[in-house]
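In what follows, a single structure is set out as structure tokens and then discussed.
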Amino acid sequence: MTSSTFASPSPDRLFPADPTTRQFARELFSLVEDAAIVSPHGHVSATVIAENAWFDNPAALLVTPDHYVTRLLHANGAPLESLGVGDSGVDPRDVWRLFCSMWTIFDGTASGYWLALELHDLFGVSEAPASKNADELYDQIASRLAEPSFRPRSLMQSFGIEVLATTDDPLDDLHAHRQLRDDPTFASRVLPTFRPDAYIDAHAVDFAARVDRLIDEAGEGRVGYEGYLSAIRNRRQYFIHAGAVSSDHGVRAALSVKLEPSSAMTLFERVRRGGASEQDRDIFEAHMLYEMARMSVDDGLVMTLHPGSLRNHHPETYARFGPDKGHDIPVPVEFTASLRPLLADFGTASGFHLVLFTLDESTFSRELAPLAGFYPGVFLGSPWWFLDAPDAMLRFRAAVTETMGFSRYGGFVDDTRAFCSIPVRHDVARRVEAAYLARLVAEHRLSMDRASEIIIDVIEKAPRRAFKL
Amino acid sequence: MTSSTFASPSPDRLFPADPTTRQFARELFSLVEDAAIVSPHGHVSATVIAENAWFDNPAALLVTPDHYVTRLLHANGAPLESLGVGDSGVDPRDVWRLFCSMWTIFDGTASGYWLALELHDLFGVSEAPASKNADELYDQIASRLAEPSFRPRSLMQSFGIEVLATTDDPLDDLHAHRQLRDDPTFASRVLPTFRPDAYIDAHAVDFAARVDRLIDEAGEGRVGYEGYLSAIRNRRQYFIHAGAVSSDHGVRAALSVKLEPSSAMTLFERVRRGGASEQDRDIFEAHMLYEMARMSVDDGLVMTLHPGSLRNHHPETYARFGPDKGHDIPVPVEFTASLRPLLADFGTASGFHLVLFTLDESTFSRELAPLAGFYPGVFLGSPWWFLDAPDAMLRFRAAVTETMGFSRYGGFVDDTRAFCSIPVRHDVARRVEAAYLARLVAEHRLSMDRASEIIIDVIEKAPRRAFKL
Amino acid sequence: MTSSTFASPSPDRLFPADPTTRQFARELFSLVEDAAIVSPHGHVSATVIAENAWFDNPAALLVTPDHYVTRLLHANGAPLESLGVGDSGVDPRDVWRLFCSMWTIFDGTASGYWLALELHDLFGVSEAPASKNADELYDQIASRLAEPSFRPRSLMQSFGIEVLATTDDPLDDLHAHRQLRDDPTFASRVLPTFRPDAYIDAHAVDFAARVDRLIDEAGEGRVGYEGYLSAIRNRRQYFIHAGAVSSDHGVRAALSVKLEPSSAMTLFERVRRGGASEQDRDIFEAHMLYEMARMSVDDGLVMTLHPGSLRNHHPETYARFGPDKGHDIPVPVEFTASLRPLLADFGTASGFHLVLFTLDESTFSRELAPLAGFYPGVFLGSPWWFLDAPDAMLRFRAAVTETMGFSRYGGFVDDTRAFCSIPVRHDVARRVEAAYLARLVAEHRLSMDRASEIIIDVIEKAPRRAFKL
């Protein structure tokens, strides 16, 4: 976006150009524009909020930790270390200058849209970043970050965030969550989410060590497979008591397998001792996905499933900088046959909620909408990650609604670690829903009365319904 | 849709909002709006028409037997038995009340669109179903069902159905079809379709029993594999004499395999005796697909292929209620390599027609349009099942036309068992074709003269051409 | 298109109907409408240009050699021999008459659009081809072909082609390229492209013979695997000296494998001697893809990858007419895991450029944009072959831009052997870019200032950047 766009972002942004449709979109958006934010899945740190930490500087806030941003800078020639990744010791002002000098590469991207709005709405920036204004913008943002209104707790309030879920290690003591819950001056709900991937990923080199630690700390004296399952169950209860409403599963594939306990026990020991084949490990993970669903039926945690990302695609970058550095690349996913064992046993179980996410658009109409259109336990999550972008969201709606309507939608999930981008991301989602519904109205497929009810349902009620809030 | 929409459905429904494009769409639609309905593939019962049976009640007509409808009610918490499925003995008025109370879940779906128009056009309903008007609507519809004009034969006429194909078991005696054909007072053509799936599905537990019965009844004294093929050939002839123009194949995958007769015979016996592996069964089915194409070349029956649905996904529901209950879920399909053996031998054979359907949109541009754009024997069927919906149909057109034009299209197929929805389904298809062509005209990619010729070709001539009517 | 469209093609063709958006599109298109053509990948013959050959006749120019055209005629019942394919000896006027009589089957296709514009712009045709005007059009076009301005060198100039890359066998002596380069009166650059497929395709029956010839001619005395690699390296240098900037790889799958030299040598000998399994051959090809990337890093040739076409689908047609006859049919492609070994070692290597093409749209958002959005070495090629069409190009932009922006685009590639279609193909690409950008402007996602810069970048700079021109 250029300076003119920055100076005054259009109130009609993301709405269809056709005047009739745009007018419908305006009216529909106005119904949800100011709704409280419910964010049932994301990666903001509860500690940051509990400690009400000051944000360090513009680069540390907006560039370095955001792998949506650093990956595209990297693709255009900026080494990750020059962006401050890996505690490289680079001056954050130099990171910021580099970012500003490359600003135009974000044109047309979701990240570019979010960043532009953040800069304008939050920091009062009125011209596009560039080399020539980089220092000026840095100072302008830095001075804002020094204001008390820019500390996390104030932002929670000014952002209108009613519920914010974090993602947490099963052995986390959830100290920050309890601190926030017990603080009478803090109005929002910050909920932990139980993410057991690290203790189920049978391909990880430190699987055995992690599992041993888990059993030691939470197995209540039980050992082996029995201790393992008990420890997971215990920690789920611990999370539930701290306010958790869901468990999150970032699995390789959506495969589920039901093993008899004795087979599972044998397989667990083989995987743990390191003698298991690749296939053994896959089956163990698939079995544990099944077990997680069983536990969800028992304890009521909503289950979110995020399959289909080949993590850490570039080995050298992973070795130098660790995970979440922008080179997790999607692969094709199969849901229908893969989830069958799980859904056969739990798909119609009372209170079971499974929210499915995908990076593979071909599954929207082919598998996901038909599954959510039959199983009461299946909800379809909002477009995820690379697909959390205006055009992709419209494709999602067009692909799934004709099969499953609006009722099976799991609500928007921002899934972000970029705290300051939360309002903008929800703004985009609301505008896209308005744009889609406006088209249905303009094409006489829906009345404005119903579209008005639906946008409120989709924005306000869907996440509460799917995540039992 | 709300009451206002119900009271007077817009004549512009499903047309693009842009005024110029919409005007083109109106003009194009007017050319085919009143064209006779040709329905070359569907699941209406010929017996119902032959016997001119009265429809039972609103629930039995519009809810209970329609798995497009019951699946979404089920996903939203209505047990299938509460919808009358499985002869549950529930009062149809209670089924209707439940349906009306959940009416809004169909907003935005193809089923919701069809139902709303049916209720309005056929039954004079002028407000959206809801709990408060459920009994009133029930009585209103029930009183219409008691009128002679609502018996099937009258509806065939008032719907303007010129040809209606049913789907039939190879051992069906086609009594109803012959009765209709021989009735000088009945103007429409009701054609049987030869669907041999049950006698080819080598994974079915009763495969051997079915095959034995087929050979007994139609093998003319031949036994074994020879008797099996003879019986199929005989029954195809029987169908052809009763007016059939096509055979239908609802296969698991599109795989075709050419086996030498001796290998095929050996495999047939192994499958029949029950000692065959999963792979053996798959290969047998693939071989029989090849054989069905060979027979099509010989006897001229058009071959329709519907692969890629994992039937009866939820075992418990299948056990309780049987097939076709809304939990057939699509899986990815591969056509290019799979169909190669079949097309290598028959793809350019004189008079061979293979109409391909898919639930996997990713195959539209990747495989299906290129195949239909080379092989004279391949026609591309209209968007099927979950994809038989306005936006999906537009995606289909946009995905295939640039590669294969309009000439390789197999015509619209309503594929329905919901008799009263036939006119509405064809109305939607015609409106979508008009909307698509109108865009091409507005973008100067086609003249109105040609678009006018094309919409008539696509709606009126394509099904007659592909299905040899 | 009908006569009216032919008589005066609209200056607004391919622009969105919405008046505001269309106005933006007009303005954006005007910025690149007259830009010089850079065509970094295609199949025009350098010899034809070097010899400045006269084109034979209308059929030989526009119908017979263009498998985009003949395949659709074939699908509609025209035998390939009746179209002059395979030197059938058919009178070209009869070919032309048949083509004209079937003209309307191209409505809505990319080929139809290109042909109509070519006929109008190049040959002054003002009415749609049909049986009734076939002879007249033939004579009109033939008389133009006899004018000096229709010889290839004149057309290069009048088309405004600055760079044109051909595709060449590694053992080609590139005589024509050197002749053109050394001709001071010839202003355009005609560059060879190194396409080693025939010497890497381990499934080809004559693989061993080809490899032997390659080693004999270019191995400089080395033998076996060492001679093989040396010969390839030598010929790459030869191409580079003749102006080549890229190597082209039309592989079956995108699979890459890194083998140790000793394993590679053993495998090479096994494949060469004919004792290799199918899997061996696949692995050899995957290993050679890896080696080609390694050589690219060394010598700087840009690497273009075109996987996913099952070549010569119909065996009988292949046997009678040879390759490139319109029955290469796409199959699903996987890039993420397949390219990982190659990208692990070369994806961030200095100067390495890998331009990826696909016929499988499902990979646009799922794999290709994320890969190009991280690896500095990966560029995303323009929509290829069946996808080189207006709607498909718009889907491409909508699918990839939100993830990778505009900077990772490899520029438009016409990939054609139809010399006279080059200007029209680039015209379509420019109009589609304008249409897409105009929508982003109309939806306030981009300012006109930036859209104006972007369209120039995408059309003029992107191909030069990706192909190092």
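The values are calculated or read from the model by the stated rules, or taken from the named source; none is laboratory data. Just so we're clear, the structure is a prediction, and the values are computed from it rather than from any experiment. Neighbour counts run over all protein chains shown; Cβ positions are idealised from the backbone, glycine included. Note: areas computed on protein heavy atoms with side chains; ligands, DNA, RNA excluded. Shrake-Rupley method; radii C 1.70, N 1.55, O 1.52, S 1.80 Å.
Tabulated data
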quantity	calculated
Failed condition for A:GLU118, given (1) among the acidic types (Asp, Glu); (2) under 30 Å from C:ALA442 (Cβ atoms); (3) over 19 Å from the mean Cα position of the chain (by Cα)	(3)
Search result, residues across region A:55-71 that are more than 14 Å from every other protein chain (Cβ to nearest Cβ), open to solvent by less than 50 Å² (accessible area, probe 1.4 Å) and not hydrophobic (A, V, I, L, M, F, W, C)	A:ASN57, A:PRO58, A:THR64
When residues of region C:430-454 are limited to those that are β-branched (Val, Ile, Thr) and at the interface with another protein chain (Cβ under 10 Å from one of its Cβ atoms), the one nearest to C:VAL302 (Cα to Cα)	C:ILE454
Failed item, numbered, when B:PRO148 is tested on (1) free of Cβ contacts under 8 Å to residues at least 12 places away in the same chain; (2) within 21 Å of the chain's Cα centre (by Cα)	(2)
Conditions (1) part of a helix (DSSP H, G or I); (2) open to solvent by less than 20 Å² (accessible area, probe 1.4 Å); (3) not charged (D, E, K, R): number failed by C:VAL297	(2)
Residue satisfying all of: in region C:171-193; open to solvent by 20 Å² or more (accessible area, probe 1.4 Å) and assigned to a helix (DSSP H, G or I); nearest to C:TYR228 (Cα to Cα) among these	C:HIS175
Criterion (within 13 Å of another protein chain (Cβ to nearest Cβ) and under 23 Å from B:PHE159 (Cα atoms)) met by exactly one of B:TYR138, B:TYR113	B:TYR113
Total residues in region B:221-234, condition surrounded by fewer than 22 Cβ atoms within 10 Å (Cβ to Cβ) and either outside any loop (DSSP other than H, G, I, E, B) or under 23 Å from the mean Cα position of the chain (by Cα) (or both)	8
Qualifying residue in region B:287-310 (condition: closer than 23 Å to A:ALA372 by Cβ, more than 19 Å from the chain's Cα centre (by Cα) and within 14 Å of chain A (Cβ to nearest Cβ))	no
Matching option when the condition is free of Cβ contacts under 8 Å to residues at least 40 places away in the same chain and buried (at least 20 other Cβ atoms within 10 Å of the Cβ), among A:HIS306, A:HIS287, A:HIS249	A:HIS287
Residues being under 14 Å from the mean Cα position of the chain (by Cα) and open to solvent by less than 10 Å² (accessible area, probe 1.4 Å) - total across region C:415-425	4
Residue ID - farthest from the other protein chains (Cβ to nearest Cβ), chosen from residues in region A:455-469 that are open to solvent by 10 Å² or more (accessible area, probe 1.4 Å) and of a type in the set (Val, Ile, Thr)	A:ILE459
Residues satisfying the stated conditions in region A:382-404, i.e. within 18 Å of the chain's Cα centre (by Cα) and more than 14 Å from chain C (Cβ to nearest Cβ)	A:SER382
Selection count, region B:72-107, where residues are surrounded by fewer than 20 Cβ atoms within 10 Å (Cβ to Cβ), away from every other protein chain (no Cβ under 13 Å) and not in a helix (DSSP H, G or I)	6
Among (1) more than 24 Å from C:ALA399 (Cβ to Cβ); (2) more than 11 Å from every other protein chain (Cβ to nearest Cβ), the one test that A:SER407 misses	(2)
Filtered residues of region A:316-339 (kept if facing another protein chain (nearest Cβ under 8 Å), crowded, with 21+ Cβ neighbours inside 10 Å and either aromatic (Phe, Trp, Tyr) or not in a loop (DSSP other than H, G, I, E, B) (or both))	A:THR317, A:ILE329, A:PRO330
In region A:352-368, residue nearest to A:SER309 (Cα to Cα) [restricted to those that are more than 7 Å from chain B (Cβ to nearest Cβ) and touching a Lys or Arg at 6+ places or on another chain (Cβ under 8 Å)]	A:LEU359
Sole exception among (1) within 12 Å of the chain's Cα centre (by Cα); (2) modelled with pLDDT of 95 or more for B:PHE379, by number	(1)
Selected residue (criterion: nearest to C:SER246 (Cα to Cα)) from residues of region C:194-211 that are open to solvent by 20 Å² or more (accessible area, probe 1.4 Å) and without any contact (Cβ under 8 Å) to a residue 40 or more places away in the chain	C:ALA198
Qualifying residue in region A:43-54 (condition: farther than 18 Å from A:PRO152 by Cα and buried (at least 23 other Cβ atoms within 10 Å of the Cβ))	no
Yes/no for B:SER263 being open to solvent by less than 50 Å² (accessible area, probe 1.4 Å), over 13 Å from B:ILE200 (Cβ atoms), hydroxyl-bearing (Ser, Thr, Tyr) and assigned to a helix (DSSP H, G or I)	no
Lone unmet requirement of (1) surrounded by fewer than 24 Cβ atoms within 10 Å (Cβ to Cβ); (2) assigned to a loop (DSSP other than H, G, I, E, B); (3) touching a residue at least 12 places away in the same chain (Cβ under 8 Å) for A:TYR375	(1)
